[in-house]
Amino acid sequence: MPKLPKSKGAKQEKKVIHPYSRKAAQLAREAHKQDKKEKLKIEKALRLNIIGEKLQWFQSHLDPNKTSYTKKEACELLEEYMCRFSDELEQIELRNSIRGRQGRQHGSREAVIKQTMERERQLYEGYGIEIPDIVNGKHLKFFREWNGDLKKLPNIKMRKLSIRDAICSHTEVADAETKEESSKAEDVAS
């Protein structure tokens, strides 16, 4: 009797792969590559989420009447951003002071908040913190129209601000005031 032809739709049994074969190494490389891709995808999503929360805070605290900010005003808004956890820290301190417990309640949250505030303070005093570019009127308008979509996050222009920008702004304002006063004094003397 002749053999029956094998049907194309039926699946063949999966062959066992020897652990030291080239095929096993190839499958291991592919699995490792997929794991790395997933890990990078999760890290990027987390990073974008953190930046998105930061931008939403800035968007909610913008003055709706201003068309652009000065560097000094942007630094003041940034300092307000860095103090955003102060109310929560006060609540934690209050809860810990009321109860006569020896252990600290919400200690891990308090440690995370203090660490975040210290890191942001170091960035601000050093290299600078990235915030949305609210000094430029065009970028500020685009930022106000942003609806919180993380996919459009790369389109928002960012600017690094540091404590030097605030100090420079203060000295520029002071210099302008002294020049104004000296010109008024000259006018009065004339």
Exercise for the section: Please state which one of Glu93, Glu120 is among the acidic types (Asp, Glu), at pLDDT below 90 and open to solvent by less than 90 Å² (accessible area, probe 1.4 Å). Expected result: Glu93
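Let's see how each residue does on (1) at pLDDT below 90; (2) open to solvent by less than 80 Å² (accessible area, probe 1.4 Å):
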{"position": "Arg84", "(1), (2)": "no, yes"}
{"position": "Ile113", "(1), (2)": "no, yes"}
{"position": "Phe143", "(1), (2)": "no, yes"}
{"position": "Ile167", "(1), (2)": "yes, no"}
{"position": "Ala176", "(1), (2)": "yes, yes"}
{"position": "Lys179", "(1), (2)": "yes, no"}
Problem - Search result, residues across region 124-141 that are open to solvent by 90 Å² or more (accessible area, probe 1.4 Å) and closer than 17 Å to Tyr69 by Cβ - result: Lys138, Lys141
Practice task
Could you list all residues from region 47-74 that are more than 16 Å from Asp165 (Cβ to Cβ) and small (Gly, Ala, Ser)?
Solution key: Gly52, Ser60
Problem - Filter pass, Lys66 being in contact with a helix residue (DSSP H, G or I) (Cβ under 9 Å, 6 or more places away or on another chain), within 25 Å of Phe142 (Cβ to Cβ) and among the basic types (Lys, Arg) - result: yes
Exercise for the section: Go through (1) open to solvent by 100 Å² or more (accessible area, probe 1.4 Å); (2) part of a loop (DSSP other than H, G, I, E, B); (3) modelled with pLDDT under 90 one by one and return the number of the condition Gly9 breaks. Expected result: (1)
Problem - Enumeration of residues in region 51-69 that are outside any helix (DSSP H, G or I) and loosely packed, with under 15 Cβ neighbours inside 10 Å - result: His61, Asp63, Pro64, Asn65, Lys66, Thr67
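The values are calculated or read from the model by the stated rules, or taken from the named source; none is laboratory data. Bear in mind the structure is a predicted one, so any value in this text is a computation, not a measurement. All Cβ positions, even for glycine, are placed from backbone atoms using ideal geometry, and neighbour counts span all protein chains on display. Calculation scope for accessible area: heavy atoms of the full protein, side chains included, ligands and nucleic acids excluded. Shrake-Rupley method; radii C 1.70, N 1.55, O 1.52, S 1.80 Å.
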